[in-house]
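Notes for the one structure printed next.
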Amino acid sequence: MKASPSDQRLSFRILGMDCGEEVAILKKEIGPLVGGESNLAFDLLQNKMTVSGGQADPEAISRAVAQTGMRAVPWDGSCPAGACPVEEGLWQRHGRVFLCASSGVFLAAGFVLDAWGSGGILAAWKGAAGHPAETLWIQGLPYAASVISGAWFILPKAFYALRKLRPDMNLLMVIAVAGAAILGEWLEAASVSFLFSLALLLESWSVGRARSSIRSLMELSTPVARVRCPVDGDIEEKPVEQVPVGATVLVPPGEKIPLDGILLKGSTSVNQAPITGESMPVFKKPGDEVYAGTINGEGAIEFRSTRPSSDTALARIIHLVEEAQGRRARTEQWVERFARYYTPAMMALAGLVALGPPLLTGLPWSPWFYQALVLLVIACPCSLVISTPVSIVAGLTTAARHGLLIKGGVYLEVPAGIQVVAFDKTGTLTRGKPRVRDVIPMDDHTVGGLLSYAAALESHSTHPLARAIVSEAQEKNLSVPRAEEFTLLPGQGAQGRIGDRTYWVGSHRLLDQWDKDNPAFHSMATRLEDSGHSLVVMWCDDHICGLVSVADGVRPEARQAVRSLKELGVRRVVMITGDNQRTAESIAAVTEVDEAHAELLPEDKVRVVRELKERYGQVAMVGDGVNDAPAMAEASLAIAMGTMGSDTAIETADIALMSDDLSRLPWLVKHSRRTLGVIRQNIFLSLAVKGLFVGMAVGGLGTLWGAIAADMGVSLLVIFNGLRLLGPPLSKRTG
């Protein structure tokens, strides 16, 4: 079905969008063309602007962007992570580097000439101001060339800001440089221009590192696949985009697996760390799933592709990591709101510093005009604005490499404050692959007959207990009849007609609620439940047909994960399950959870999560993303298991464990706290440095070159501090 106009989106790569100030400019300029700023979305780290709605005219948008001093290039959806090919000449690729270097060379040349004409370096440093007209062409011309070279790329943006009366960092820098030149402070004017140009250049390079960390996910995939021709059996290499679903693909030892699929021939160990974060290779045999981007070990294998290249687990991960950057963290939103009022306030303060002392006390105009220029330089909010998205994208990328798909910066912050973690039991604390342990028929039913009838009803369900019964019937090669008029009873069981009778399957609790239980059956069922088995009971109108006993093993890492969460300060670890109380208590004892709530319907799980939130605060719910969806939606943070096998999980959860490894949860809490710590450090550093120079300017002690050096230094410091999140914590960098 064709998308409606309101669903259509246009994306552009914005060349020259290097800071949050440019984002604000584009919102003001493009917003009226597309029906308001709400129809615009920006990804600063990918230089990406997305326009939603059906009102966008690409040519009008490109012209409007050009008026701001930036350039819009249509975004190629097949080239994610900012990898869209753009036809750029040598100047477009290296012009910024050339002009920055030229500015530095001219600055050095001007200073050398100044020192030669002034009688020494110290004299030039102290007395570079006030070149007489007759010596300007000799000593001042290199400084002027340095100013022009350094300011070349910011002049169009500054002119736009002036024309629209919307002050930004570019206009602040141009005013500061021009003011210093008017005062005759040519050395300082050139220094400000060069240092600002250098800051933007280094900032662009640093941000590029964060951008390339996402692009590196693309390198996990392989562009071609060896496909066996179904007609003659020949092997042909094809681009992965051309490999149809159902094709047989061959992978030699040591090569990357090109597509998702089911193993047909061969057995091998597969390194799934690029996708799931698992530290050890996983043994694969025929019937097991393999995933694009993972690395085949020692054996040649053949598999049947199950997804097109655009829908593999790796492709979905890349897509969601890109999308995640659009869901901004609360801290990032706060910084943007702060910067919106900060720049005008600083300009007003600069005006007061320039005018106040001379008017009120009769002090000379020149020194206070100079201090106002210092304020304009330090007012640049770029270090404040850029530090948070760099930290967020670094945190998101590192989490993906460790087997956690976090679907936005807002969800990266939440785990740091989690007070309660609530686990589902089946498929979460347990392996989720229960096996049938016993089949006990009643009345005239046989083992095979009971199992085949139960499988007929359970074949419509995706619950792990249902899958265990269906798998058991298939392994025994039983003939499974067709269930008509099937009805699913959410959280309870199912019913359907087989032949001329209606049958029900469900828990022992449901049987008791329907008054179908009897003392002998109750005693037997209770005994099995006490031993940790889950029961699926089958009955019809007039009698109990029998029961199927299913048991599931606890995940080996579950107990340590629960312990680690408690050690990190999580106040309560809770299990909520629809299974019977005795089974829940058995699993709770093994895993050492604090509370076990059993025999819960979906709405009961929601109630328990709501009560936990009221008592403790933020609650994380860990489940399979399907049966636990209501409770996960109620929780402060939804974490899904089974991502590799469940599309629903990856779509509904805030965070997905790609390897179903519960030991990732304590890592997630620590990673979230570390990320928040880095963000707070960056904000504190930015505001502290700016506050220091504001105080110096108001006290008449600031210098232009010192302000720009400090601003450049703190910008680079917060960027590199954010990029630390791409590596392990310092405490782990030993040996």
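In segment 417-427, the count of residues that are modelled with pLDDT of 85 or more, surrounded by fewer than 20 Cβ atoms within 10 Å (Cβ to Cβ) and not in a loop (DSSP other than H, G, I, E, B) is one or more.
Selection over segment 398-413 of residues that are touching a Leu at 6+ places or on another chain (Cβ under 9 Å), surrounded by fewer than 23 Cβ atoms within 10 Å (Cβ to Cβ) and of a type in the set (Val, Ile, Thr) gives a count of 1.
Starting from residues that are within 26 Å of the chain's Cα centre (by Cα) and touching a residue at least 12 places away in the same chain (Cβ under 8 Å), keep the ones in segment 568-597 and report whichever is nearest to residue 624 (Cα to Cα). The qualifying residue nearest to residue 624 (Cα to Cα) is 573. Residue selection: residue 554 satisfies the criterion of being aliphatic (A, V, I, L, M), open to solvent by 30 Å² or more (accessible area, probe 1.4 Å) and modelled with pLDDT under 95.
Return the only residue of 191, 204, 212 being under 30 Å from residue 710 (Cα atoms), modelled with pLDDT of 75 or more, outside any strand (DSSP E or B) and of a type outside the set (Lys, Arg). The unique qualifying residue is 191. Let me confirm something: among 701, 726, which residue is open to solvent by 30 Å² or more (accessible area, probe 1.4 Å), over 30 Å from residue 178 (Cβ atoms) and modelled with pLDDT under 80? Result of the check over 701, 726: 726.
The lone criterion from (1) over 25 Å from residue 605 (Cα atoms); (2) open to solvent by 60 Å² or more (accessible area, probe 1.4 Å) left unmet by residue 492 is number (1).
Per-residue answers, yes or no, for (1) part of a strand (DSSP E or B); (2) within 25 Å of residue 598 (Cβ to Cβ):
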site: 444; (1), (2): no, no
site: 465; (1), (2): no, yes
site: 468; (1), (2): no, yes
site: 488; (1), (2): yes, yes
site: 511; (1), (2): no, yes
site: 520; (1), (2): no, yes
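As for segment 55-67, it holds at least one residue that is assigned to a loop (DSSP other than H, G, I, E, B), within 29 Å of residue 315 (Cβ to Cβ), modelled with pLDDT under 75 and open to solvent by less than 40 Å² (accessible area, probe 1.4 Å).
The values are calculated or read from the model by the stated rules, or taken from the named source; none is laboratory data. In this text, all values refer to a predicted model and were calculated from it rather than measured experimentally. Reconstructed Cβ throughout: ideal geometry from the backbone, glycine too, with neighbour counts over all protein chains shown. Ligands, DNA and RNA are excluded from the accessible area calculation, which covers all protein heavy atoms including side chains. Shrake-Rupley method; radii C 1.70, N 1.55, O 1.52, S 1.80 Å.
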